[in-house]
Amino acid sequence: MQVLILTDAARLSNHAAGQIAAQLRAQPGSVLGLATGATMAPVYARLIAAHRAGLSFARMTSFNLDEYVGLGPHDPGSYHRQMRDMLFAQCDADPARCHLPRGDAPDPEAEANRYEAAIAAAGGVDLQVLGLGQNGHIGFNEPPADPGSRSRVVTLAATTRAANRRHFPAAQPVPRRAITMGIATILSARHCLLLATGAAKAQAVAAMLQGPVTPDCPASALRRHPRVTVLLDPPAASALRPPGQSAAPPAA
Ligand code: F6R
């Protein structure tokens, strides 16, 4: 696992966008795993700038991590809508190859199974981008998360629903359930790139990198993956112990 602490969130976004762009330049037909959320927005803004300067998304296939159950692709709170607004509609990505689970599918469990099969049929994910929840979630794998889990329907934690309230109009309740790639789905990607910014993520970052590998911190499962890059800004890295320092003070 490679952990990089960048000097600030802007440089972190530049670095992440640079890695995604480098992947697409090296392999224009890459399968990317994409995330939504506030951490990703500035990264997509930089990718759009790179597109205007010549980067093509035309041959990319993408699979997003998750979608809210009950929301159709045009719902303002849906991740379909976020992705269209933040990236897809502003570049030359082929909409037919940009995939998210359908939150409005009549049978959400069957939709999750279909989604998992579609990822496998595309040959798996080359580069999976991840944000980090304040409770250590990746995708919407809330703690405790089964490390063997595949795409499925999950119930969102109250803290996650509260954190995401800002993305919904006041009159619209935040959905209680989502379809998410599972932990094992995420770990099947050939390279994982996790981004965390801001002090609100500091405890989750410390648990992910320095706590036990446990379902109680779903992101800690990434330590079992052979190729993970973690990008942090200084506030997100602020609860990390210096190398060699033990987790708890020695007993008196
Ligand atoms: C989003 C996702 C989530 C977010 C995480 C961080 O598709 O799967 O795991 O990455 O909740 O969200 P932000 O970046 O809004 O803090």
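Descriptive notes on the structure:
- Only protein heavy atoms count here; under a 1.4 Å probe, Tyr115 has an accessible surface of about 0 Å².
- Helical content alone sets the calculated 222 nm signal of the chain at -8500 deg cm²/dmol, taking -39,500 (n - 2.57) per DSSP H segment of four or more residues and averaging over every residue.
- Over the C-alpha atoms of the chain, the Rg to Rh ratio, Rh being the Kirkwood estimate, stands at 0.96.
- Segment Ala171-Met1, length gained on full extension (0.36 nm per residue, minus Cα span): 56.9 nm
- Computed over the alpha carbons of the range 120-252, Rg followed by Dmax gives 15.8, 57 Å.
- Antiparallel DSSP beta bridges within the chain, percent to nearest 5: 30 percent
- The chain - charge dipole about Cα centre, Lys and Arg +1 at Cβ, Asp and Glu -1, debye rounded to 20: 400 debye
- Accessible-area value, Glu116, 1.4 Å probe, nucleic acids and ligands omitted, Å²: 40 Å²
- Using alpha carbons only, the radius of gyration of the range 1-141 set against its Kirkwood radius gives Rg/Rh = 0.95.
- Backbone amide hydrogens, once placed in the peptide plane, bring Leu194 within less than 5 Å of Leu130, Thr229, Val230, Leu231, excluding anything fewer than 5 places away on its chain.
- Between the range 25-52 and the range 1-22, the Cα center-to-center distance that results, in Å: 12 Å
The values are calculated or read from the model by the stated rules, or taken from the named source; none is laboratory data. The model shown is predicted, which means the values in this text are computed figures rather than measured ones. All Cβ positions, glycine included, derive from the backbone under ideal geometry; neighbour counts span all protein chains shown. Calculation scope for accessible area: heavy atoms of the full protein, side chains included, ligands and nucleic acids excluded. Shrake-Rupley method; radii C 1.70, N 1.55, O 1.52, S 1.80 Å.
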